[in-house]
Amino acid sequence: MSPRTFVRRLRALHANYATLYRRAVHETRKRLSAVVGGLGLVLTTALMSIAVTLPRVGGPPAVTAGAAPWSSHLDAVDLALQTNDVPAALKAWHAAYGAALASRRWDGFADAGDAYLRVASAAGAAGAPRARDLYLSALFRARDAGSRDGALRVAAAFAGLGDREVATQARRIARRLPATP
């Protein structure tokens, strides 16, 4: 083998080695990024679950006696709608929705769905899709709480939206629940 051929082969081997080395480093970095990203996701999820549960520890119970925590906000919605102030009504609705969400009660979601339909109607917008989501949440929470009255109320709300299939399913869920005393 001539010296030139030897040098060419040596350079080719070096180029191949350099390419393989760069690929290996790139793959290692990708794997390391995936592992670090996965650990970050797991850590974020753990911290969020802790953050969600901490306010509930030693805080008020999920169901409190007396007026519903969202009722004052719904009164503000109705007051704003009486004066045709749709932005104020929507702002009050968001506060009512937040209170309903914090309470974890089915009736909060049902009331929020009813109020959203009123606000959307005053704004001339379609409120059924958002109200439907709220009613579905109310239905599942009523089922989990064992509330036949809640499932029947949500069934009536779906019937009012014209969604007979879900209204029928809500009535089936209500039949499976124990009678409310």
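General observations
- Residue pairs meeting the criteria (Cβ under 8 Å; at least 6 apart or on separate chains; first free of Cβ contacts under 8 Å to residues at least 40 places away in the same chain and more than 15 Å from A128 (Cβ to Cβ), in region 154-179; second buried (at least 18 other Cβ atoms within 10 Å of the Cβ) and hydroxyl-bearing (S, T, Y)): L177/S147
- Residues (assigned to a loop (DSSP other than H, G, I, E, B) and at pLDDT 85 or above) located in region 58-83: T83
Residue-wise test of (1) more than 29 Å from R105 (Cβ to Cβ); (2) in contact with a His (Cβ under 8 Å, 6 or more places away or on another chain); (3) modelled with pLDDT under 75; (4) not hydrophobic (A, V, I, L, M, F, W, C).
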| position | (1), (2), (3), (4) |
| --- | --- |
| F6 | yes, no, yes, no |
| H14 | yes, no, yes, yes |
| V25 | yes, no, yes, no |
| R31 | yes, no, no, yes |
| L47 | no, no, yes, no |
| V52 | no, no, yes, no |
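- Within region 124-153, tally of residues that are touching a residue at least 40 places away in the same chain (Cβ under 8 Å) and farther than 11 Å from W106 by Cβ: 0
The values are calculated or read from the model by the stated rules, or taken from the named source; none is laboratory data. From a predicted model like this one, the values you see are computed outputs, not experimental measurements. Ideal geometry is used to build each Cβ from the backbone, glycine not excepted, and the neighbour counts take in all protein chains shown.
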